[in-house]
Amino acid sequence: QVQLVESGGGLVQAGGSLRLSCVASKRTLSSYAMGWFRQAPGKEREFVSVVTWSGTARSYADSVKGRFTTFTDNAKNTVYLQMHSLKAEDTALYYCASAPRYSSTSTDFDSWGQGTQVIVSS
């Protein structure tokens, strides 16, 4: 399995920006796609974004489209989530995950990081 370590979370005011990072221990066929998910208190985990290591495919949840961007740095085995125009409703624990195929469904992702907390104050 791929080991994933997220970082970059923190406290930010509404309208601000944060960049989350996720370092993967390796890139293999089992980690074809890298996703970001989030879980707010009392809510289910939800899809945020997904990107392939090749960068040829990516998609976003409607709630973050136009504000968030995901991209990879293959030399560093790192995937990023750049977040702009943050809102209070973006407050959540953000997880990085890898999947053997391109998907936005959490059950398709078989390796998960521990998460990094994002708090947006209004």
Solvent-accessible surface (1.4 angstrom probe) belonging to residue 48, in square angstrom, nearest 10: 0 Å²
Relative contact order of the stretch 12-65, defined on C-alpha pairs under 8 angstrom at six or more residues apart (%): 23 percent
Cα-based radius of gyration of the chain once divided by 2.2 N^0.38 Å, which approximates compact folds: 0.97
Whole-Hz couplings from phi, Karplus 6.51/-1.76/1.60, listed for the stretch 34-42; x for Gly and Pro: 10, x, 10, 10, 9, 9, 8, x, x
Selected from 74, 24, 99, residue furthest toward positive end of dipole (the chain; charges at beta carbon): 74
Among beta bridges that DSSP assigns inside the chain, antiparallel share in %, nearest 5: 90 percent
Carbon plus sulfur fraction of accessible area for the stretch 55-122, probe 1.4 Å, in percent: 48 percent
Euclidean distance of C-alpha centroids, the stretch 77-122 and the stretch 1-66, integer Å: 3 Å
Per DSSP, loop GluC sites (Glu not before Pro) in the stretch 1-106 with at most 16 further Cβ within 10 Å: 44
Charge sum, other residues only, whose C-beta stays under 11 Å from residue 31's C-beta, Lys/Arg counted +1 and Asp/Glu -1: +2
The stretch 1-81, accessible area per residue, ligands and nucleic acids excluded (1.4 Å, Å²): 52 Å²
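The values are calculated or read from the model by the stated rules, or taken from the named source; none is laboratory data. The structure displayed is predicted, hence computed values, not measured ones. Positions of Cβ are generated from backbone atoms using ideal geometry, with glycine treated the same way; all protein chains shown enter the neighbour counts. For accessibility, only protein heavy atoms count, side chains too; no ligands or nucleic acids. Shrake-Rupley method; radii C 1.70, N 1.55, O 1.52, S 1.80 Å.
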